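What follows is one structure encoded as structure tokens, with my remarks underneath.
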Amino acid sequence: MSDVIKLLSDHVINQIAAGEVIQRPASAVKELMENAVDAGATKIKLIIKDAGKTLIRVIDNGSGMSDTDARLCFEKHATSKITTADDIFSVTTNGFRGEALASIAAISTVELKTRTVDSPTGTLVEIENSKFITQEPCQSEKGTSISIKNLFFNVPARKTFLKSDQVEFRHIMEEFHRIALSHPEVEFSLFNNDEQLFHIQPGSLKHRIMALFGNTYDQKIVPVVENTNLVNISGFIGKPEYAKKTRGEQYFFVNHRYIKNNYLHHALQSAYTELLAKESYPSYFVFFDIPPGKIDVNIHPTKTEIKFEDESMIYAILKSAVKRALGQHNVVPPMDFDREGAFEISPIKKTDIIRQPQINLNPDYNPFAEEARTVISRQSSAVSHPPQLTTDDLQLITETEAGTQVKWHEAWGKEYIIVSADEKLILINQRLAWEKIFFEEASAAFQKHENLPSQKELFPQTIQVSTDDAAIMTTLLPELKCLGFDINDFGKQTFIIYGIPSGVESGAAAAFLEGVVENYKNTIESEIKNPGNSMLAKSYARKMAAKTVKILSQEEQALLIDRLFRTHSPAIAPEGRHVFIELSPDTIESWF
Ligand code: ADP
Ligand code: MG
């Protein structure tokens, strides 16, 4: 057989990359506006014709580019923003992958005019289908004007997937909102089919919100602030009475970059519990300031998803900050926790030196090696002798559920938390409490056909399994998706893991899946009918909970208690064991 492998041309590579980075006109708008911000512009003008299908033009007064750069910027991996791979852990710019302009140039006609401050004339470059048509000197203001015409002209498939002009323009507006919100210090204007829709002056964040969403926002939002040595949070949150029926204005920014994050959304939304009508969503405009080394922005081509090193701490801090903001502005009834809001993390001082934490990796360490064995044996014993709870037990326990007032709580070693609540002492088994929480989270996801937060794998993992296991994996794929796994069946007993549930370490994902398949086989053998969802939820819960064995800080305990008592019958773990034991004053007295 003759050789069949050939190297793709740069043009084809760029067209493929464009499929990831530029999905619709709004994606091009995002990339161009981000470049303008990165170039230090203080004025940015966006001009749109026919929802971007005919023209997208961005004009900025930023640094501009030299003659050579004006040509080089269209090459793939051409960027001025990083030099080494390590640099991406300290980037403060929006871009750094150097693929946006190369991608755009592969699927449209581009005209670039640019001039730096120290050059008397500017440069005009025209490029079509990745080929340079013109490069010549031209008259130009300082800064850059870049026009994209006929986007997707050579990608008909993509073009037919575009929605109506109305819908595409709405996506463009959304990108415009995100960038304008993240940079209130920059002046922005927007023209659509020659009509000026916005002209926004630099100002405070609150002014920016009002300029974009209407002056009534003055009354609708309250400030939120929390400074800790892990993260500084600032911004505005909507008063509960103005919550909307659809997910409306909900914005998280991390170091001035707009991001999507369901987990943090949940933190915020849950701080409003009982204040919101059913199925309504508060507005929020929340900024996180965090040392760049503590996040990874390079997990997604469009960089709207990022990975935090300390996601669960940020969850707790955000939730507490929002509760406190609502409390301070008298929009909430009294809180459950006496110490709510008082985070004992000292605010960062100017003199503090922030050290990047050192992580020592043991390459041979397999976090589930020991666990996998104990899990399976526990599973099979649980199936044959389920722990028995009497009806009395159940009644006694369910009384605890609602409205438990927590006075104080303390970790007792790595396994237990002692809680003083409403004249009762409660001894919580930490691991079982997490099992309960994760089990409910998973069950709810299955029921609602929703997916739990997932994190993209930087390097997708390939796993190969036996034929039997492959068949099981294939049946379980939809449920695994709900749990936050993004797995592709590659055929031939091979699966590629692109994403894993938030909170599972990358290295542990394969072992986790093996454990799940193993449990599944055991449950089928024990002839339980229809083991599917509940078995998966249990495996998931057990695996996730296994990692939580450590002495918890006060904040982490509070978070655990709070989440536990929001579950249905918190006292009973998925396998039927007690999650906690309560001691009433009567019981205690009877001992003496
Ligand atoms: P990235 O932003 O990831 O570096 P791009 O393809 O978006 O990649 O841009 C490539 C390079 O072109 C940038 O790194 C920057 O040096 C230059 N550039 C792009 N847009 C502008 C602009 N509006 N003003 C000045 N320089 C720009
Ligand atoms: Mg860019």
**Q.** Filtered residues of the range 480-502 (kept if open to solvent by 10 Å² or more (accessible area, probe 1.4 Å) and at pLDDT 85 or above)
**A.** LYS481, CYS482, ASP486, ILE487, ASN488, ASP489, THR494, ILE496, TYR498
Q. If THR548 passes every condition in (1) more than 23 Å from the chain's Cα centre (by Cα); (2) in a loop (DSSP other than H, G, I, E, B); (3) under 27 Å from VAL516 (Cα atoms) but one, which one does it miss?
A. (1)
Q. List the pairs whose first member sits in the range 319-335 and is modelled with pLDDT of 80 or more, whose second member is part of a helix (DSSP H, G or I), and whose Cβ atoms are under 6 Å apart, counting only residues at least 6 apart or on separate chains?
A. LYS319/ALA267; LYS319/ALA271; VAL322/LEU268; VAL322/ALA271; LYS323/ALA271
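Residue-wise test of (1) open to solvent by 20 Å² or more (accessible area, probe 1.4 Å); (2) assigned by TED's automatic domain parsing to the domain that holds PRO25; (3) more than 25 Å from the chain's Cα centre (by Cα).
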site	(1), (2), (3)
LYS163	yes, yes, yes
ILE172	no, yes, no
ALA180	no, yes, no
VAL186	no, yes, yes
SER189	no, yes, yes
MET210	yes, no, yes
Q. What number of residues within the range 11-33 satisfy the criterion of being assigned to a helix (DSSP H, G or I) and more than 16 Å from LEU112 (Cα to Cα)?
A. 15
Q) Of all the residues that make up the range 116-139, how many are in contact (Cβ under 8 Å) with a residue 24 or more places away in the chain and crowded, with 18+ Cβ neighbours inside 10 Å? A) 6
Q. If you go through the range 54-91, how many residues are touching a residue at least 40 places away in the same chain (Cβ under 8 Å), among the aliphatic types (A, V, I, L, M) and near ligand 1 (Cβ under 10 Å from one of its atoms)?
A. 5
Q. Inside the range 17-46, can you point out the residues that are surrounded by fewer than 19 Cβ atoms within 10 Å (Cβ to Cβ) and more than 16 Å from ligand 2 (Cβ to nearest atom)?
A. GLY19, THR42, LYS43
Q: Among the residues of the range 441-476, write down those that are acidic (Asp, Glu) and open to solvent by less than 40 Å² (accessible area, probe 1.4 Å).
A: GLU457, ASP469
Q) For the range 79-115, how many residues are part of a loop (DSSP other than H, G, I, E, B) and open to solvent by 30 Å² or more (accessible area, probe 1.4 Å)? A) 11
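The values are calculated or read from the model by the stated rules, or taken from the named source; none is laboratory data. Note that the coordinates shown come from a computational prediction; the quantities given were computed from them, not determined experimentally. Counting neighbours? That spans all protein chains shown, and the Cβs are built from the backbone with ideal geometry, glycine included. The area values use the complete protein model at the heavy-atom level, side chains included, leaving out ligands, DNA and RNA. Shrake-Rupley method; radii C 1.70, N 1.55, O 1.52, S 1.80 Å.
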